[in-house]
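The numbers here are math on the coordinates, done by the rules we state, and not lab data. Given the structure is predicted, the values throughout are model-derived calculations rather than measurements. Please note: Cβ atoms are built from the backbone with ideal geometry, for glycine as well, and neighbour counts cover all protein chains shown.
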């Protein structure tokens, strides 16, 4: 992904920002989900992102913007007992 007109500090007025910055991001995202016996399910994911500032007035060209380089997740879903389901409890 390539982004243009990203906000960058205004050299003429430090309290303002102007749309002159640029950035580039490349990466990969993986996700897997599995159904398990008894109605359980498991989800796992991983993201890697190589992001870089390519044009800026702040002197930070070549640096990573405020984003994580990698992130992951893991989640599980548990079945709800029949008597506790909203559609079966009358509520």
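Just a few scattered comments:
- Segment 17-61 shape via C-alpha gyration tensor axes, a/c threshold 1.5: prolate
- Here each label is just a point 7 Å from Cα along the line to Cβ, and for residue 13 and residue 74 those points are 5.1 nm apart.
- Once Rg and Dmax of the Cα atoms in Å is calculated for the structure shown, the corresponding label among [x] 19.1, 63; [y] 22.6, 66; [z] 21.7, 62 turns out to be [y].
- Added length on full extension, which subtracts the Cα-Cα distance from 0.36 nm per residue, residue 48 to residue 60: 2.2 nm
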